[in-house]
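Visitor: Pasting in a structure now, in structure tokens, and then I'll have a few things to ask.
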Amino acid sequence: MSEAVLRAENLCKRFGGLAAVNDVSLELHIGQVHALIGPNGAGKSTLTNLLSGDLPPTSGAIHYRDADQVGHELAGMHSDCIARFGIGRSYQKTNVFLPFSVFENCRLAAQSRQPRAWRIFRGADHYADVNALAERALAAVDLGARRDLLAAALSHGEQRQLEIAMCLATQPRVLLLDEPLAGMGRQESQTIIELIRRLAPDHAILLIEHDMDAVFAVAHCLTVMVNGEVIASGAPEEVRASPLVQQAYLGDEHGGRHG
Amino acid sequence: MRLRASSLVLLTVLLMLAVFPTVGEQYYVQLISKVMIMAIFAMSLDLLVGYTGLVSLGHAAFFGLAGYVLAKAAPQYEAANLWTTLPLALSVCAAFALLTGLLVLRTSGVYFIMVTLAFAQMLFFLFHDTPFGGGSDGVYIYAKPEIKLNWLGLAGNPINLENFKVFYEFVLALMAAAYLFLRRVLDSNFGRALIGIKTNEQRMRALGFPTFRYKLASYMLSGTLAGLAGYLAAMQFGFVSPEILGWHHSGGVLMMVILGGMGSLHGAALGAFVFILLQEALSNQAWFGAAAKHWQLALGLIIIAVALLLPRGLAGLAGVFSCKPREDEDE
């Protein structure tokens, strides 16, 4: 297997006495969808926040290998630096710019990669490449028809789609998707699952998801977290068969729904 | 269509302002000059408050600093050269903004308000309590700076800013330039990023925007423009005192921005006009007799009423009367 593009080593995050993430190691590879599951409060979102730099880890390391195969240490870096390395994320709780149009949300996201931030006399709408990126991201999540609406006017599911489009518009190599399907209808979910499949060959994707059908449909690798710790990791079928996982997670809490 | 209509309104207002000195008495021409200077000041603060989401209670620091730079740099009994003293004043303001910005921008919300206030008060006491600053009596500027044209290869006398009508047109031109400049900046990538930061800074960072640098640039730009206003005010009154650095002044300009409508450039300018003209009218004894003494009470009540009834300030009035639905209202 190729060398990991993102490798977390012994990551810990403590909030006072609580270890939200405890000694977690994880690898992401280009071409792979790595699913992360676990009951609520297992520390999945906290782990995402550590990887994206939204939260600094208490201890541990995050190694990143960029497109030129140069290594970087991301632990302790600010989220904007990490994002500029090509690590994009979507939020579990919808986090879009509500007063802006759908298009402007994506345009702003695409603009973040332009080295022309300080040209203060040229109208922001006049960069054809940025506009094209934004349009493409909207088309990818099937929101092209809604481009001129305000983000606040979208349905909850559509806002979730926009959340992902914004992440795409920054052209990341690594995608950290925190419950992208939560709150989406069946058809919208299908669009996003297809999109993840399409992106997988040349992206490294971390997918946190409660929808087990979706997870098993796209994941190449599955990690299960409980109480801040990884209890199993490996090929999805193996993990599913693991008695420990059955007992701790799939069997108890979600077995009824998916069994 | 809407853009054209608003440009038309803007042009009409500027034209009316431009011809005002031909009909207005000297007192009113000078009053409107003062108002336009404060409009530049208010727009500069709006860049920070309304577009970057940083509420500063120390904006008068830049205003006063530029005034003091002019007072200090001007020769005692002859006119200073505007081509050198204005850039000097603006550079000092930009440098002060850079230095303080590196510190104050590490805070946010209430702490940002307090720290900006603290820096302004430090400057206030620097000029108030040291021989260098001239103390509480202030410093006089005996002649207005000159615009020497021979520098540009043009013959003729310097533009005579001592003439109140010429000075008025000069201020009007600068106010219009400041407005157009800010409008341009706000529509650029930089401006859009500022509005994004105001709306949701965490998301902007997750998208890869180095938000601190954007905020610092906005803070410096805002401080420099406030310096322009302060320079012009010192020029108009021929006098600077520590009061122009004080928190009363910072609070006043913040009220203008709130009155006119945060996040709207023409709103901020309108706020300055209404605020000062109301102040002028309410304290007019010929109109209000004994009640004129309590003009601050009346002004306060009006500001409270606007804040309660017009959350978008006076600039929001246009929205109240237009039939266009305001979709972003209910969030």
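Only the coordinates and a few stated rules stand behind these numbers; no lab work does. Being a predicted model, the structure only gives us computed values, none of them experimental. Cβ: placed from backbone, ideal geometry, glycine included. Neighbour counts: every protein chain shown.
Visitor: Please go through the residue pairs A:LYS13/A:LYS44; A:LYS44/A:LYS93; B:LYS34/B:LYS215; B:LYS34/B:LYS148; B:LYS34/B:LYS144; A:LYS44/B:LYS198 and name each one whose alpha carbons sit more than 21 Å apart in this structure.
Guide: Working: A:LYS13/A:LYS44 12 Å; A:LYS44/A:LYS93 13 Å; B:LYS34/B:LYS215 29 Å; B:LYS34/B:LYS148 23 Å; B:LYS34/B:LYS144 15 Å; A:LYS44/B:LYS198 29 Å.
Too far apart for the 21 Å limit: B:LYS34/B:LYS215; B:LYS34/B:LYS148; A:LYS44/B:LYS198.
Visitor: So if each residue of separation counts as 0.36 nm, and I subtract the Cα-Cα distance between B:SER91 and B:ALA291, what length gain in nm does that give?
Guide: 67.6 nm
Visitor: Count the net charge of all other residues whose Cβ sits under 15 Å from the Cβ of B:PHE237, scoring Lys and Arg as +1 and Asp and Glu as -1.
Guide: That sum, taken over residues with Cβ under 15 Å, equals -1.
Visitor: Just check chain B against the gyration tensor rule for me: Cα atoms, a ≥ b ≥ c as the square roots of the eigenvalues, rounded for a/c under 1.5, and otherwise prolate or oblate depending on whether a/b exceeds b/c. Walk me through the intermediate numbers first.
Guide: Details: a/c = 1.37, a/b = 1.18, b/c = 1.16.
Cα axes put chain B in the rounded bin.
Visitor: Using only the Cα atoms of segment B:226-320, build the gyration tensor, take square roots of its eigenvalues as a ≥ b ≥ c, and label the shape rounded, prolate or oblate: rounded if a/c is under 1.5, else prolate if a/b is larger than b/c, else oblate.
Guide: oblate
Visitor: Please report the spacing between the Cα centers of segment A:1-62 and segment B:270-290 in Å, no decimals.
Guide: 62 Å
Visitor: Please identify which residues in segment B:227-269 have an amide N closer than 14 Å to a label point set 7 Å out from the Cα of B:ILE159, following the Cα→Cβ vector.
Guide: Those under the cut-off are B:232.
Visitor: Oh, and also: Quick check: Cα centre of segment B:46-62 to Cα centre of segment B:105-149, how many Å?
Guide: So the separation of the two Cα centres works out to 16 Å.
Visitor: How far apart, in nm, are the 7 Å Cα→Cβ label points at A:ASP148 and B:ASP137?
Guide: Each label point is offset 7 Å from its Cα along the Cβ direction, giving 6.7 nm.
Visitor: Let me ask something else about it. Can you compute the FRET efficiency between A:GLU229 and B:ARG213 using 1/(1 + (r/R0)^6), with r the Cβ-Cβ distance and R0 = 30 Å? Round to the nearest 0.05.
Guide: Efficiency for this residue pair is about 0.20.
Visitor: Cβ under 14 Å from B:LEU221's Cβ, B:LEU221 left aside: what net charge do those residues give with Lys, Arg +1 and Asp, Glu -1?
Guide: +3
Visitor: For each of B:TRP83, B:TRP295, count neighbouring Cβ atoms within 10 Å of the residue's Cβ, then give the residues from fewest to most. List each step's numbers first, then the result.
Guide: Numbers: B:TRP83 15, B:TRP295 18.
Fewest-to-most Cβ neighbours within 10 Å comes out as B:TRP83, B:TRP295.
Visitor: How shielded is B:179-192 by partner chains, expressed as the average number of their Cβ atoms within 10 Å of its Cβ atoms?
Guide: Per residue, the number of nearby Cβ atoms from other chains is 5 on average.
Visitor: Applying 1/(1 + (r/R0)^6) with R0 = 30 Å to the Cβ-Cβ distance of B:ASP129 and B:LEU102, what FRET efficiency is obtained, to the nearest 0.05?
Guide: E(calc), rounded to 0.05, equals 0.70.
Visitor: How far is it, in nm, from the label point at B:THR199 to the one at B:SER7 when both lie 7 Å from their Cα along the line to the Cβ?
Guide: Label-label distance for B:THR199 and B:SER7, simple model: 2.5 nm.
Visitor: Would you mind ranking A:ASP66, A:ASP178, A:ASP54, A:ASP125 so that the residue whose beta carbon has the fewest other beta carbons within 10 Å leads the list?
Guide: Details: A:ASP66 12, A:ASP178 23, A:ASP54 18, A:ASP125 15.
So the residues, fewest neighbours to most, are A:ASP66, A:ASP125, A:ASP54, A:ASP178.
Visitor: Which of B:THR130, A:THR170, A:THR94 comes first, and how do the rest follow, when ranked by fewest Cβ neighbours within 10 Å?
Guide: B:THR130, A:THR94, A:THR170
Visitor: What FRET efficiency do you get for B:PHE239 and A:ARG119 if R0 is 41 Å and r is their Cβ-Cβ distance, rounded to the nearest 0.05?
Guide: The calculated FRET efficiency here is 0.50.
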